[in-house]
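What follows is a single structure, written as structure tokens, with notes after it.
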Amino acid sequence: MALSTISLTAGMRANLFSLQKTALDMETTQNRLATGLKVNSALDDPISFFTAQEHRLRASDLASRKDGMSEAIQTIKAANVGVEGVNNLIAQAKSLAQSAMSATVSEANTFITQYAEVLSQINEMAADSGYKGVNLLQEGSLTVEFAPTAGQSSLSLSGFGDTTDNFNIAGLDTEITGGGAAWVSGCAVETAAVQASIDNLETAMGTLRTESKTLSSNLSIIAAREDFTSQMINTLGDGAAKLTEADMNEEGANMLMLQTRQALGTTSLSLASQAAQGVLRLF
């Protein structure tokens with residue numbers, strides 16, 4: 001009888017299969033510890049893999065929208081700075097008109113010159129109130145997209161001026177094109193013309209107050225949506241991470257358990273082999 005043809009015992013075969021499975025489990029655990037992921041590809045867990053991928057894609061799309069919201073906020077802030085500056089200049093122009101009401105002709109002519117300069121500065125300030133090419137103090141427009149799909153959820157803003165040389169809002173348009181010129185007629189100050197200018201300036205200030213409230217309301221809406229979008233991006237990222245990222249503490253404990261199992265399996269296989277050799281020596 002040839003001793004070399006003796007087959008493995010059932011116990012030895014079971015130990016070998018167990019060691020093979022342990023080696024595969026250790027390889028999987030080592031890969032998780034190395035990458036930090038429990039799902040590295042669709043082969044590991046197709047449902048979790050593709051769901052996490054969908055979360056990440058949506059988060060990426062929302063991040064792009066969030067950048068657009070941030071730019072829109074800056075555009076509105078630039079317009080609001082312009083509104084405040086223009087309003088201050090209008091108040092200065094109104095003060096000059098009120099002074100002209102009780103002035104001499106000579107003083108009134110001086111006020112007319114100053115008045116014209118202030119109105120010119122209003123035009124220049126309005127023209128300089130844009131941000132990245134969008135000026136809401138002229139006829140600039142802006143559409144802010146909130147959802148990944150264009151048009152699904154958005155907010156449209158329109159400028160309240162125009163692109164002409166004049167800051168064309170109610171009341172102020174008339175003054176810029178010729179206000180102050182009628183304050184003096186011959187040797188007298190025309191108080192009615194001065195009062196008309198004051199009324200026009202007050203109308204313009206009322207228009208600016210209304211537009212400022214609109215800007216403030218839109219700013220609040222966009223800021224709220226920006227905050228919501230930031231939270232949603234974080235939520236989607238956390239969701240994707242929970243589906244694919246490994247628990248390093250758990251995987252470390254698994255590795256220790258598998259190493260212990262491998263050591264015990266190796267010892268058991270060695271003992272079984274020694275027992276078989278002892279039997280062989282009897283023949």
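If you go through the stretch 141-158 and keep only what is in contact (Cβ under 8 Å) with a residue 60 or more places away in the chain and in contact with a strand residue (DSSP E or B) (Cβ under 8 Å, 6 or more places away or on another chain), you end up with Leu142, Val144, Glu145, Phe146, Ala147, Leu155, Leu157.
A single member of Glu84, Glu117 is surrounded by fewer than 17 Cβ atoms within 10 Å (Cβ to Cβ), closer than 30 Å to Ala188 by Cα and either in contact with a strand residue (DSSP E or B) (Cβ under 6 Å, 6 or more places away or on another chain) or among the acidic types (Asp, Glu) (or both), and it is Glu117.
Can you report the number of residues in the stretch 89-145 which are under 26 Å from Ala79 (Cβ atoms) and either touching a His at 6+ places or on another chain (Cβ under 6 Å) or not hydrophobic (A, V, I, L, M, F, W, C) (or both)? Looking only at that region, the number is 22.
Within the option set Ala42, Ala79, being within 14 Å of Leu243 (Cα to Cα) and at pLDDT below 95 holds for one residue only, Ala42. In the stretch 165-184 there is no residue that is more than 18 Å from Ala93 (Cβ to Cβ), touching a residue at least 12 places away in the same chain (Cβ under 8 Å), assigned to a loop (DSSP other than H, G, I, E, B) and of a type in the set (Val, Ile, Thr). Looking across Phe111, Phe146, one residue alone is under 15 Å from the mean Cα position of the chain (by Cα) and surrounded by 18 or more Cβ atoms within 10 Å (Cβ to Cβ). It is Phe146.
When restricted to residues that are in contact (Cβ under 8 Å) with a residue 40 or more places away in the chain, part of a loop (DSSP other than H, G, I, E, B) and surrounded by fewer than 16 Cβ atoms within 10 Å (Cβ to Cβ), the stretch 32-48 contains 1.
The values are calculated or read from the model by the stated rules, or taken from the named source; none is laboratory data. Note that the coordinates shown come from a computational prediction; the quantities given were computed from them, not determined experimentally. Positions of Cβ are generated from backbone atoms using ideal geometry, with glycine treated the same way; all protein chains shown enter the neighbour counts.
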